[in-house]
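Structure record follows, encoded as structure tokens.
Just so you know, all these numbers are worked out from the coordinates, no wet-lab data involved. What you see is a predicted model; the values in this text were computed from it and never measured. Here the Cβ positions follow ideal geometry from the backbone for every residue, glycine too, while neighbour counts run over all protein chains shown.
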Amino acid sequence: MTTLTDLSVLLRLCETESSVALWESWVDTAKHLLDMSTDRSHLISRETAARSLDAWLRYWELFGRVLSPPAVCTGPDGVLTLSWDRGEWHIAWEFRPEIPPTFFYRNRQTGEANVGEIPWLADRLAEVRAVL
């Protein structure tokens, strides 16, 4: 599992990235996840933060290193949501302590929606890649 204290993982994965702004956004988001899991704020657990970063980085690789950093939001009881909005699509990953993360997407124009565990996403990669 990726640790948030070692941002060199991001550097290794982004070493071919030509966009400085995208790189900076990635680093800022990873630091934000780290800040949310510190003793000072403790909005989410270190484990939840690490699981979310690990999933994000794995799918970033699957998407050919073009997946933009997500919006990050915490909820009650240590819930963490990573989300992306692209046109008519809303896509979210929800991480809850001690249960598998879930994936949600919805097309705002057609109303099409789907929910599942994040590994399900790999089976629909081409479809989701077109959205993101």
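What does the highest-first list of 103-114, 75-86 look like by mean Cβ count within 10 Å? Intermediate results must be reported in sequence, preceding the final value.
Details: 103-114: 13.2, 75-86: 15.1.
Result, highest mean first: 75-86, 103-114.
Taking θ = phi - 60°, what integer Hz values does the Karplus form 6.51 cos²θ - 1.76 cosθ + 1.60 yield along the stretch 82-91, in sequence order, with x for Gly and Pro?
Those phi angles translate into 10, 9, 9, 10, 9, x, 7, 9, 10, 10 Hz.
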